[in-house]
């Protein structure tokens, strides 16, 4: 399957939003390779749809830290569908709302 220009642009915009690059493709501040890999893993897990414990396991961070990262991504313009909060014991699923971005991230899975 081929990645369209719009999908590639959406994936680049997501990385740009978290501080990865400026408009010319240069790094604004270098992310350590491990941090870059964790952010990509988080975005890919969101593209698949994951619970908070799954996101924490994927990134190797605590649930509280993952929630802070999700809030930062939202502040930067990445739309995340959060599970409804309330008196339920079931774990809700977090997902990316932008289906083009989710598709682009799914196509890059396992290409590192």
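Rule-based calculations on the coordinates, nothing more; no lab input. Keep in mind the model is a prediction, meaning the values are calculated, not measured. Counting neighbours? That spans all protein chains shown, and the Cβs are built from the backbone with ideal geometry, glycine included.
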field: Among 78-84, 35-41, 96-102, the order from most to least packed when residues are scored by Cβ within 10 Å on average
entry: 96-102, 35-41, 78-84
- line: Taking 59, 65 and counting other beta carbon atoms within 10 angstrom, the fewest-first order is 65, 59
- prompt: In nm, to one decimal, how far is the modelled label at residue 71 from the one at residue 100, with both set 7 Å along Cα→Cβ?
  reply: 3.0
